[in-house]
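Shown next, in structure tokens, is the structure this report addresses.
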Amino acid sequence: MKAFHVLFCAALLASVVSAREFHVSVGGSDEDNGSSARPFRTILKAAQVAQPGDVVTVHEGVYRERVTPARGGASDAERVVYRAAPGEKAVIKGSEIVKGWQKVQNDTWKVVIPNGFFGDFNPYSDRIAGDWFNPRGRNHHTGAVYLNGHWLTEAATLDDVLKGIGDAASSYVRGGQGYLLNVAWLRPGQERIPAASFAAQRGIQTAPCSEGGECIGWIEHGDWVRYERVDFGRDAKQIEIRAASAARGGTIEIRLDAPDGELLGVCAVPNTGDWQSWSSFHARIKPTSGVKTLYLAFKGPRSEAAPIADLRLWFAQVDASNTTIWAQFENVNPNDAEVEINVRRTVFYPARPGVNYLTVRGFTMMHAATPWAPPTAEQIGLIGTHWSKGWIIEDCDIRYSTCVGITLGKHGDQWDNTSANTAEGYVKTIERGLERGWSKENIGHHVVRNNRISHCEQAGLVGSLGAVFSTITGNVIHDIHVRQLFTGAEMAGIKLHAPIDTEISRNHIYRTCRGIWLDWMTQGTRVTRNLLHDNGPSEDLFVEVNHGPFLVDHNIFLSPIALFDMSQGGAYAHNLFAGRVVLRPELSRETPFHKPHSTEVAGLLNIAGGDDRFYNNVFVHPGGLATYDKAARPVFAEGNVYLQGAEPYANEPDCVRPAQSDPGLRIVEQGESVYLHARVDPSWHNPRSALVTTKRLGQTVVSKAAYENPDGTPLALSTDYFGKKRNETAPCPGPFEDPGEGQVTLKVW
């Protein structure tokens, strides 16, 4: 025993002695030894020599390089740590400064750069393309031009850049051209009324209709059409609207006599896949009869793109020898300013899979020429884990990525971007992932926490297969896909495929095209205590073709569309839904479900819809659960509160619907803090609310799995949004336990 003790101490001492700290400084040299007295010049040099247990400390300065870690740690306890020196700002950029600009005309300048400057990767000839990508009829490149750190917008043609600033800008501001949604016809009573029969209009343009004739097209926020002598028949209770939407979706308010007249009902139209992919949408209205003048007022979400006056364009041409870039600089000589261009595809990304147990802490990382990152290809982000295990990415500022900020994605192979945009192609991707070691033992278990992620034109964070068993918490994600010059099926603040047993918690997501998108194999996933607002034109949360179980609890959803449910087997508890809830089955695709807490596929089935649970939520106009009246499978609802005209599920017992129920919700940002202002009435409490537990939630119909913790233990929602203990016999509906009465102000971030 004594010999063993001596041996153990010797081994421990050897481990401690072998762990080293390497220093990096802009004043250092890669010929030195990396000590504090003789630091390296580049982070890459430290990455080449760092071994498990070592720490790489990077001191203040700007580092223009791609960090390619040669190896990872040996375990969670023996990591390779990359960190900014405490209290110092270390910036890693994928860009380089360029000089030699020559004025051409107006505010347009050009620079000619030898192609050798870019090495073997030129972002200005690198076109964005891939599965589920739509270029909207023009070319897009992974290059970018920056003035004082902020990017300009790539133009479609050189002529647009040569014009004066603002002369061509309206073509690059989504909201100026419209494409929100199309309307073919409406049916108030028994008669189908073609869209082209409207009597007056504001702001719209008509378009050919694949269903015959003309339709209302290219509608924007604030546009409207008027129909006269509309016959509602006798006591009509709903209006059917035939509509389509390409990428953005929107909301139609049905009003009497004026664009802001009496509100009859509201119809939310999500992305239907294309502007000619028609679906029928039904808006419940209060019983109405007789002949009326009817307005459709379009309140779809506005684009958050830059105002025209602030828009600056660039354009590039690449020939056999040179890359020529034209860019607009108003009242600025670019040779006297900091003008940078993308030269590197990524900033921090391993060259091969399986570089495990890395910590990346405290850096500002920016300016990467990242490619489109669909779920069927290797997903390369400004920083990414590359099919590895056990990374921690924390306290970083990640911004200005052409496509994606952080990727927790799949491996690459010869099948990348060959799926032909089909469900079958992704099923094959899953099969190949399993062959490449996709399991709880080998992949995932990442922690992404307390980062700020912004200015990415595809997504803030994506992960296909590689995000399993991970935690994404405490992040601020904003200004994602706001320019909307291209589109596709992968844009969101957070977009995950197969987030099995993954927790998405305490994130603040705003000014994104869509907040959180969970697509395929969301099982054992928990979305909890997130704050989402000002997202659109799509919704705060989109759950697509999942069979569950997954849990969505204690979230604050404040955007016009709160939830788009194209799944089944979800549990929603103690949320505040201040926007609409949209339900749509998906019968054309068979998607996988898994054995509990495993990547092993147990079967495939389509999405009939339903098998959801809604307990102790608060719904505020125009939200509600009436859409679930038509769900194919039973829905369980109890303890919910419906305010400001929100409609309950038909089979919900004893729901609370106060007559005077406007909470006056208002979000206010003060510096880094966010406050929710609301009026709270104690009569809104639902006496049927009860503690939400594993036992109460039961099992899903398809996967036959329980709503439980990732380790298989039962769960109980015993604390609120703030972590305050709940009344276990009669918890308060909504995210907050006992928020107060009357006018209240809650610091929610």
Practice task
Sort through Ala578, Ala608 and tell me the only one that's closer than 30 Å to Glu262 by Cβ and touching a strand residue (DSSP E or B) at 6+ places or on another chain (Cβ under 9 Å).
Solution key: Ala578
Completion exercise
How many residues of the stretch 572-593 are at pLDDT 95 or above, assigned to a strand (DSSP E or B) and either in contact with a Pro (Cβ under 9 Å, 6 or more places away or on another chain) or farther than 16 Å from Glu544 by Cα (or both)? The answer is 3
Practice task
Show the residue pairs that are 6+ apart or on different chains and have beta-carbon atoms under 7 Å apart, the first residue being within the stretch 502-520 and under 19 Å from Glu708 (Cα atoms) and crowded, with 24+ Cβ neighbours inside 10 Å, the second being modelled with pLDDT of 95 or more and among the aromatic types (Phe, Trp, Tyr).
Solution key: Thr502/Phe469
Practice task
Please work out which residue is nearest to Pro710 (Cα to Cα), limiting yourself to the stretch 476-492 and to residues that are in contact with a Lys or Arg (Cβ under 7 Å, 6 or more places away or on another chain) and crowded, with 24+ Cβ neighbours inside 10 Å.
Solution key: Ala492
Practice task
Among what's in the stretch 685-697 and is at pLDDT below 95 and crowded, with 20+ Cβ neighbours inside 10 Å, pick the residue that is farthest from Gln568 (Cα to Cα).
Solution key: Asn686
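Here is a yes/no grid of residues against (1) over 27 Å from the mean Cα position of the chain (by Cα); (2) closer than 30 Å to Gly474 by Cβ; (3) at pLDDT 95 or above:
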{"site": "Ala632", "(1), (2), (3)": "yes, no, yes"}
{"site": "Asn651", "(1), (2), (3)": "yes, no, no"}
{"site": "Gly671", "(1), (2), (3)": "no, yes, no"}
{"site": "Pro682", "(1), (2), (3)": "yes, no, no"}
{"site": "Gln699", "(1), (2), (3)": "yes, no, yes"}
{"site": "Lys704", "(1), (2), (3)": "yes, no, yes"}
Practice task
For the stretch 542-558, state whether one or more residues are part of a strand (DSSP E or B), over 30 Å from Gln644 (Cα atoms) and among the acidic types (Asp, Glu).
Solution key: no
Practice task
For the stretch 673-690, indicate whether the set of residues that are without any contact (Cβ under 8 Å) to a residue 40 or more places away in the chain and of a type outside the set (S, T, N, Q) is non-empty.
Solution key: no
Handout entry: Test for Thr206: is it hydroxyl-bearing (Ser, Thr, Tyr), in a strand (DSSP E or B) and either modelled with pLDDT of 80 or more or surrounded by fewer than 21 Cβ atoms within 10 Å (Cβ to Cβ) (or both)
Key = yes
Practice task
Name the residue, out of Pro735, Pro731, that is assigned to a loop (DSSP other than H, G, I, E, B) and within 28 Å of the chain's Cα centre (by Cα).
Solution key: Pro735
Fill in the blank from the handout: When the stretch 717-738 is checked residue by residue, the ones that are out of contact with any Pro (no Cβ under 9 Å at 6 or more places or on another chain) and free of Cβ contacts under 8 Å to residues at least 60 places away in the same chain are Thr719, Gly723, Lys724, Lys725, Arg726, Asn727, Glu728, Thr729, Phe736, Asp738
Problem - Selected residue (criterion: nearest to Asn606 (Cα to Cα)) from residues of the stretch 521-534 that are free of Cβ contacts under 8 Å to residues at least 40 places away in the same chain and of a type in the set (Ser, Thr, Tyr) - result: Thr525
Exercise for the section: Taking the options Pro648, Pro622, name whichever one is crowded, with 17+ Cβ neighbours inside 10 Å and touching a residue at least 60 places away in the same chain (Cβ under 8 Å). Expected result: Pro622
Handout entry: the stretch 463-500, residues that are over 27 Å from Glu600 (Cβ atoms) and of a type in the set (Asp, Glu)
Key = Asp479
Exercise for the section: May I ask you to say which residue of Arg352, Arg344 is part of a loop (DSSP other than H, G, I, E, B), touching a Lys or Arg at 6+ places or on another chain (Cβ under 7 Å), of a type in the set (Lys, Arg) and modelled with pLDDT of 95 or more? Expected result: Arg344
Problem - Among (1) modelled with pLDDT of 95 or more; (2) surrounded by 14 or more Cβ atoms within 10 Å (Cβ to Cβ); (3) in a loop (DSSP other than H, G, I, E, B); (4) touching a Pro at 6+ places or on another chain (Cβ under 8 Å) - the single one Gly712 does not satisfy - result: (2)
Practice task
Filter the strands (runs of 3 or more DSSP E) completely within the stretch 458-532 down to those with at least 3 residues that are within 12 Å of the chain's Cα centre (by Cα).
Solution key: 459-464, 476-480, 492-497, 508-512, 516-519
Practice task
Considering only the stretch 594-617, state which residues are more than 26 Å from the chain's Cα centre (by Cα) and of a type in the set (Gly, Ala, Ser).
Solution key: Ala602, Gly603
Practice task
Would you mention how many residues in the stretch 341-363 are among the charged types (D, E, K, R), surrounded by fewer than 23 Cβ atoms within 10 Å (Cβ to Cβ) and out of contact with any Cys (no Cβ under 9 Å at 6 or more places or on another chain)?
Solution key: 2
Exercise for the section: Exactly one condition in (1) among the polar types (S, T, N, Q); (2) at pLDDT below 95; (3) assigned to a helix (DSSP H, G or I) is not met by Asn421; state its number. Expected result: (3)
Practice task
Please work out if His446 is buried (at least 23 other Cβ atoms within 10 Å of the Cβ) and on the phi > 0 side of the Ramachandran plot.
Solution key: no
Handout entry: Single residue of the stretch 449-466 satisfying the filter (of a type outside the set (Gly, Ala, Ser) and surrounded by fewer than 24 Cβ atoms within 10 Å (Cβ to Cβ)) that is farthest from Thr599 (Cα to Cα)
Key = His455
Exercise for the section: Would you point out which residue out of Val81, Val55 is without any contact (Cβ under 8 Å) to a residue 60 or more places away in the chain and either among the basic types (Lys, Arg) or over 26 Å from Glu338 (Cβ atoms) (or both)? Expected result: Val55
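The values are calculated or read from the model by the stated rules, or taken from the named source; none is laboratory data. For clarity, every value in this text was computed on a predicted model and none was experimentally measured. Note that each Cβ is placed from the backbone with ideal geometry, even for glycine, and that neighbours are counted across all protein chains shown.
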